[in-house]
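Right, one structure below, let's go through it.
We did not get these values from a lab; they are worked out from the coordinates using the rules stated. From a predicted model like this one, the values you see are computed outputs, not experimental measurements. Neighbour counts run over all protein chains shown; Cβ positions are idealised from the backbone, glycine included.
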Amino acid sequence: MRKTQGIKLLLYLCLSLPPIFQSIAYGYGYEKEEDPLVTVFKTVIFYGRQPDWPKVASAVHTIHDRMEDIQKIFKIDPKPGIELAIKQQDFQSLANRMANLVFLAIREKFYYNREERMEIFIRAKVRLRLAEEYYTALLAGNVRDYDMRHKTNIHEEIYTRFVKARNTLGSIGFLGAGAIKSDEKEFKTLTSEIEALILKAFPYFETGLAYSD
């Protein structure tokens, strides 16, 4: 029952997406390049609503390498479910599975920062920025809707933790002076809480294997 409700909630987000996604589907945007996962998600939702399934399939094909990376880490292969939804032309299922892919991509960014212990500041910062972008651009709308329906404050709690997580990365200082060491323990705590909060709004998401640490 919870899974069915979740799918309906995600469909609400998909049907609320503005027509501007049509322009996004042909490029990376006007001011800065979007991450390919963000672009493909928007493209898939836009053409899935048309419906133009060949274009949906073509867009998904461009991120097969991303799905393979996720499979290696979490032992979940997103491709069969997504491809089945496309074959069956099941928009609700496709939207649900694409959102699950976004969640796994967020976990992937957190995972690599933990594995590398955030030793390379720029790399850790970019990963965290992308994880936050995936959430705000693709999942936050649904979480806000969940908050309205259930009188919760999950979105604000997630956003607050993303802000705090930025501070755990430390700082390289200026020419080596004033450098601040990263806080691995706090980063792990905050990102684990972010994941748990997202799962409250999307309880049907597959999460894969737990972290090795």
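One table, with the values for the structure above:
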item	result
Ranked packing of 144-151, 107-114, 88-95, 182-189, most packed first, by mean Cβ within 10 Å	107-114, 88-95, 182-189, 144-151
Full-extension gain in nm, Glu193 to Glu156, via 0.36 nm per residue minus C-alpha separation	12.1 nm
Extension gain (nm, one decimal) between Ile180 and His64, 0.36 nm per residue minus Cα-Cα	38.0 nm
Formal net charge of residues neighbouring Leu190 (Cβ-Cβ distance under 9 Å; K, R +1; D, E -1)	+1
Under 25 Å from Lys109, Cα to Cα: lysines that are on another chain or at least 8 residues apart	Lys32, Lys42, Lys72, Lys75, Lys79, Lys125, Lys164, Lys181, Lys185, Lys188, Lys200
3J(HN,Hα) from dihedral phi, the stretch 131-146, Karplus parametrisation 6.51/-1.76/1.60, rounded to Hz, x for glycine, proline	4, 5, 5, 4, 5, 5, 7, 10, 10, 4, x, 5, 5, 4, 5, 4
The stretch 104-120 - phi-based ³J(HN,Hα) in whole Hz, Karplus 6.51/-1.76/1.60, Gly and Pro as x	5, 5, 5, 4, 4, 5, 4, 4, 5, 5, 5, 4, 8, 6, 6, 6, 9
Karplus-derived HN-Hα couplings along the stretch 51-63 (A = 6.51, B = -1.76, C = 1.60, θ = phi - 60°), whole Hz, x at Gly and Pro	x, 10, 5, x, 6, 4, 4, 5, 5, 4, 4, 6, 10
